[in-house]
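A.B. asks: Got a structure for you, written out below as structure tokens; questions coming shortly.
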Amino acid sequence: MTRVLAGVGEMLQARSRRRLYWVHAIWVTILYLASIVLFPPESSLDEFVNYKTHYYSNHRVFFVLFAVFSRVDFVDTLLKGISHLVALGPLYFISSILFFAGLVIAAITRNERYHQCYAIFFLAQTTLISFNLFRTLI
């Protein structure tokens, strides 16, 4: 998140030398909003915070934003052309569906076991997809 905020600061400071792109702006906004939901307001710095309680009281908003993020990714990929979408292969489609379905379920349920398992699954899936994508870029 620090990189997102630093990037926004750089864009603002060099706005005469930067051409903004609406798709990029949507990504930044969604990531920023999702990160805000994860932490209590700074005004509560002196208060005791139970992050488990905070997580479950905000999980719906966070996961809905993340589900929107995953759909924006698909639209962004589609805007790059059908050939680009097809070149990503079946792994992209499968992981995209799994991400979206998992995020929607996480938004709906408060089941602690689901959230524990999904957090591990999401981390593993993201890592595997990233390594696979990186390998194909070399």
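A.B. asks: Would you check if ALA101 is modelled with pLDDT of 90 or more and either buried (at least 16 other Cβ atoms within 10 Å of the Cβ) or more than 15 Å from the chain's Cα centre (by Cα) (or both)?
C.D. replies: On the way: modelled with pLDDT of 90 or more: yes; either buried (at least 16 other Cβ atoms within 10 Å of the Cβ) or more than 15 Å from the chain's Cα centre (by Cα) (or both): no.
The answer is no for ALA101.
A.B. asks: Shifting gears a bit: Provide a single number: the residues in the stretch 56-88 that are touching a residue at least 40 places away in the same chain (Cβ under 8 Å) and among the hydroxyl-bearing types (Ser, Thr, Tyr).
C.D. replies: Summing the residues that are touching a residue at least 40 places away in the same chain (Cβ under 8 Å) and among the hydroxyl-bearing types (Ser, Thr, Tyr) in the stretch 56-88 gives 1.
A.B. asks: Check every one of the helices (runs of 4 or more DSSP H) wholly within the stretch 43-138 and list those with 3 or more residues that are under 19 Å from LEU33 (Cβ atoms) and in contact with a helix residue (DSSP H, G or I) (Cβ under 6 Å, 6 or more places away or on another chain).
C.D. replies: Details: elements: 51-79, 82-87, 89-108, 112-137.
Result: 51-79, 89-108.
A.B. asks: Assess whether PHE93 counts as being surrounded by 12 or more Cβ atoms within 10 Å (Cβ to Cβ) and closer than 19 Å to VAL28 by Cβ.
C.D. replies: no
A.B. asks: Filtering the stretch 21-39 down to residues that are at pLDDT 70 or above and part of a loop (DSSP other than H, G, I, E, B), which residue is farthest from LEU103 (Cα to Cα)?
C.D. replies: The qualifying residue farthest from LEU103 (Cα to Cα) is PHE39.
A.B. asks: Do the conditions hold for PHE131, that is, is it without any contact (Cβ under 8 Å) to a residue 60 or more places away in the chain, surrounded by 11 or more Cβ atoms within 10 Å (Cβ to Cβ) and within 19 Å of the chain's Cα centre (by Cα)?
C.D. replies: On the way: without any contact (Cβ under 8 Å) to a residue 60 or more places away in the chain: yes; surrounded by 11 or more Cβ atoms within 10 Å (Cβ to Cβ): no; within 19 Å of the chain's Cα centre (by Cα): yes.
Judged against the criteria, PHE131 is not a match.
A.B. asks: Among the numbered criteria (1) surrounded by 11 or more Cβ atoms within 10 Å (Cβ to Cβ); (2) modelled with pLDDT of 85 or more; (3) of a type in the set (Lys, Arg), which one does ARG18 miss?
C.D. replies: For ARG18, the exception is condition (2).
The values are calculated or read from the model by the stated rules, or taken from the named source; none is laboratory data. What you see is a predicted model, and the numbers here were worked out from it, not measured in a lab. Note: ideal-geometry Cβ built from the backbone for every residue, glycine included; neighbour counts use all protein chains shown.
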